[in-house]
Structures are given as C-alpha cells and as structure tokens.
Amino acid sequence: MHSTGRSAAFWLAHYGGSAIIPLSVASRPLLESGWPGSGGSFLRQRGAITVARESMDLRDALSVETARAPRRLKVTRADLQRAIPGILPGWNFGLDDPTCADIDVAGLHQACLRAFKRDGGALLRLAGLKRAHRGDARWHIDAGTESFTADVIVDAAGAWADDVALKCGVQPLRIRPYRRTIVQLRMGRSGLRDLPLVIDALGRFYFKGEGDNRLWVSPHDETATEPCDAAPDEIDVATAIDHLQSIVDWPIEAVERKWAGLRSFFPSRVPAYGFDPDAPGFFWCAGQGGFGIQTAPAASALAAALLLGEQPPEWIANLDASIYAPRRYG
Ligand SMILES: Cc1cc2nc3c(=O)[nH]c(=O)nc-3n(C[C@H](O)[C@H](O)[C@H](O)COP(=O)(O)OP(=O)(O)OC[C@H]3O[C@@H](n4cnc5c(N)ncnc54)[C@H](O)[C@@H]3O)c2cc1C
C-alpha cells in the first residue's frame, strides 16, 4: 500500500515550495551518483515545460523562483510547438526547466534496502507495529508476531504516521493523506518517450511520455482520504483525459493502466524530521507529500544527523533543520 511504488517518478527543482526546494536541490547530485552506494545514476534527463494560455497564468509558477533552484526560461508559442508537437492553439506561454529528470524509483528503493541490510538492518515485512509503551527509558514494542525493545522509534509510516504515533501514546501531528491519480494511455502517435514533463501552470494536470507511444497523465487531484490502499476514481481518470484533450490533438487508443497513491501532508505542508519535543525517543520522519523521492538523500542525511546528535554533513550544512522540527507549526 505504500506510496513509494506509486509515484510519478520525477525530480523537479521548483516543486513543493520553499521548505522543499533546498532538500530537492541538495539531493540531486546524490541521485545522480547512485546514492546510497549503487554506483549508477538514478536520474534520466527529461526537462519540463510549464504551459499557460495567458502569461498571467505563469504568475504562481514564477512566484517560487529562488536563487537556490535553477532558473527557468520563458518560452514562446514556437518553442512550445517544437517541444510538444500537436499542441493546440491558445497555449502561447511557457517556462522551460531543462533540469527536470525521471527518477528510477524502483532502483533507488532497492538500493536503499540493500544499504539498510548491508549496514545491519533487518526488515520484517509482516510485523506491523500494533502498540508500544515507554518504560525504563526504552520502548517496548508489540508488533503482533514479534516483540522488541528499542531506544528510539522512527515514525516513517507515511500516511499512517499519526496512526503509529497514537499506537505509541504520542500526540499526533495531524497528517492528512490526499489521493493522487495517474493514468497510462496508449496513444495513436509515436515519438513520445522524450517529451518534456508538461505541467499546467494552473495546476490542473501534468503528463509525460512513457515509452514511444504511451503517456502518464495526472489530473493533479488532491482528494482528502483516510490512510488506505488508494484506488483511482473514474471521475479523476475522465478528468485527466479531458485535460489532455484540451492541450494536444493526439488520438487516445486505450487506457492501459490507472492507479492512485497517497501524498501525505501536515497542515503546514512542511515535512517533520526530528525528535518529538514531548515524547522521549520518538522521532518523526513524515509528511513528504509529493516530494518524498526527490528529497530522500538530503532528508535522510538530515534525519540521520539529528538521530545521532551529530553535525550534518558538509553537503547539507546550509539546510535549516529548525524548519522541519516537529510541533513547530502547532
Ligand atoms: C501519484 C503520486 C505521484 C508522486 N510523484 C512523486 C514524484 O514525482 N516525485 C517525488 O519525489 N515524490 C512523488 N510522490 C510522493 C512520494 O511517493 C512520497 O512522498 C513517498 O513515497 C513517501 O514515502 P514514505 O516512505 O514516507 O511513505 P510510504 O512509501 O507510504 O511508506 C510508509 C510505510 O510505512 C509502513 N507502515 C504503516 N503503518 C505501519 C505500522 N503500524 N507498522 C509498520 N509499518 C507501517 C507502510 O507499510 C509503508 O511501507 C508521489 C506520490 C503519489 C501518490
């Protein structure tokens, strides 16, 4: 049910706002160099174009322009026609971000699991935390078939982060999962593989090529839900198709796949990395929203330094850890 296997798998510098951009930018070289210890890059250059009908529509996209992220260039209708052949009339404005890349999420996840195992970690797949209590300065954990004691619990339970906190007797941080849908379409057109990621400036859709004649399209939905095994709603699939047809003249041959996953946010929309000030030995690592993959190397390095009480490594020295402190935003 986890979100990690359901992402749209891109790295986009300006995504997520001012608390996320520094994490994404710091993470990029590590994703390129095969962190953690795999050797090969997990990124494939794609580029992104934010598209608009009116130049005013680019205002929100431009408002997150920051010195930390690469600058994007304004492009003309002619540039859009070259980058997105078949783009319909009326789409006249755009912002070009050549740094956007696809992430090999499955490869990255496997590399993380291998590193975890190599460093002595044990993964127990069928041992969900049922409840835990603190006694003698240690956690006593009931995980159904197994029980443990531990100095520290790291709550990295995604949409279930509050559920785990409650099971540990810790006050929740009001995480909220939101459903996001992706539809894979077979198109009556080839040459789509190297399309840029195309993002609507008004936040109604994005799509990217997936193979020569396939697209992944998202209606950019954000439907509040309980933590669950999210499934796509037909209306979101139809909305995705409708938006696609409003921007390109490409024929759609079939809906090949559709899925939904959960993007989980705290009310502040800032992830929490750090010990809970009110619960000894309870560490939060949650609320990554729609950016948990592209921020993973920097967020993990920050979390590791905080967990071990060490100075963060040089390459994330300019991150302000206090932004991510649990309960900072109430
Ligand atoms: C459609 C979609 C598109 C996205 N696109 C992107 C993108 O392009 N780029 C990007 O960077 N991010 C993207 N994201 C966001 C990204 O997928 C998430 O931020 C990330 O996967 C969150 O990882 P996580 O480990 O916190 O949560 P998860 O991957 O959900 O993992 C949580 C884990 O906690 C476990 N758990 C829960 N309860 C318990 C318990 N009681 N005991 C033990 N274990 C428990 C679960 O089994 C699960 O394995 C997207 C998300 C979605 C849904």
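The values are calculated or read from the model by the stated rules, or taken from the named source; none is laboratory data. Note that the coordinates shown come from a computational prediction; the quantities given were computed from them, not determined experimentally. Cβ coordinates were reconstructed from backbone atoms using ideal geometry, including for glycine residues, and neighbour counts include every protein chain displayed. Remember, those area values only see protein heavy atoms, side chains included, never the ligands or the DNA or RNA. Shrake-Rupley method; radii C 1.70, N 1.55, O 1.52, S 1.80 Å.
Pairs of alpha carbons in the stretch 225-282 separated by more than 17 Å make up 64% of all such pairs. Against the chain, whose longest principal axis comes from its Cα atoms, helix 21-32 is set at around 90 degrees.
Any idea what the relative contact order of the stretch 92-223 is, in percent, if you count C-alpha pairs under 8 Å spaced at least 6 apart?
15
Just so you know, the Cα atoms of the stretch 201-330 work out to an Rg and Dmax of 19.3, 58 Å. Overall, the chain carries a charge dipole of about 240 debye about its Cα centre when +1 sits on the Cβ of Lys and Arg and -1 on the Cβ of Asp and Glu, all other atoms neutral. Computed from the Cβ-Cβ distance with R0 of 30 Å, the FRET efficiency linking residue 245 to residue 118 stands at 0.05.
With both labels modelled 7 Å from their Cα along Cα-to-Cβ, the residue 126 to residue 311 distance reads 4.7 nm. Can you show me the helix-derived [θ] at 222 nm for the chain, built from DSSP H runs with n ≥ 4 at -39,500 (n - 2.57) apiece and divided by the number of residues, rounded to the nearest 500. So the calculated ellipticity at 222 nm is -6000 deg cm²/dmol.
Ligands, DNA and RNA left out, the 1.4 Å accessible surface of the chain is 53% carbon and sulfur atoms.
Taking 7 Å steps out from each Cα toward its Cβ at residue 268 and residue 44 produces label points 3.7 nm apart. Placing one equal scatterer on every Cα of the stretch 145-213 and applying the Debye formula, the log10 ratio I(q)/I(0) at q = 0.25 Å⁻¹ is -1.15.
Modelled spin labels at residue 18 and residue 151, positioned 7 Å past Cα toward Cβ, are 3.6 nm from each other. Under a 10 Å cutoff between Cα atoms, tell me which one of 303, 230, 143 has the largest fluctuation in the Gaussian network model of the chain. Result: 143 has the largest fluctuation of those listed.
Between the helical axis of 234-245 and the longest alpha-carbon principal axis of the chain there is an angle of about 40 degrees. Seen against the Cα atoms of the chain and their longest principal axis, helix 105-118 is set at about 20 degrees. Mean separation of Cα pairs under 8 Å and 6 or more residues apart, divided by the residue count, gives the stretch 91-153 a relative contact order of 18 percent.
Mind checking which of 322, 306, 245 is farthest towards the positive end of the stretch 244-330's charge dipole, using Cβ charges of +1 (Lys, Arg) and -1 (Asp, Glu) about the Cα centre? Checking the options against the dipole of the stretch 244-330, the answer is 245. With Cβ to Cβ distances under 14 Å as the rule, what net charge do the other residues near residue 110 carry (K, R +1; D, E -1)? Local charge sum for residue 110: +2. Principal axis analysis of the Cα atoms in the chain yields extents of 69, 41, 39 Å, listed in decreasing size.
Full extension of the chain segment joining residue 73 with residue 327 gains 87.7 nm, where the gain is 0.36 nm per residue of separation less the Cα-Cα distance. Taking a point 7 Å out from the Cα of residue 143 in the direction of its Cβ, the residues of the stretch 264-289 whose backbone N falls within less than 19 Å of it are 281-286.
For the chain, the solvent-accessible area works out to 48 Å² per residue, with a probe of 1.4 Å and every protein chain left in place. For the stretch 25-179, the convex hull spanned by the alpha carbon atoms encloses 188 Å³ per residue. The relative contact order of the stretch 1-147, computed from alpha carbon pairs under 8 Å that lie at least 6 residues apart in sequence, is 26 percent. In a DSSP loop and with at most 13 other Cβ atoms within 10 Å, the GluC sites (Glu not before Pro) in the stretch 244-312 are 310.
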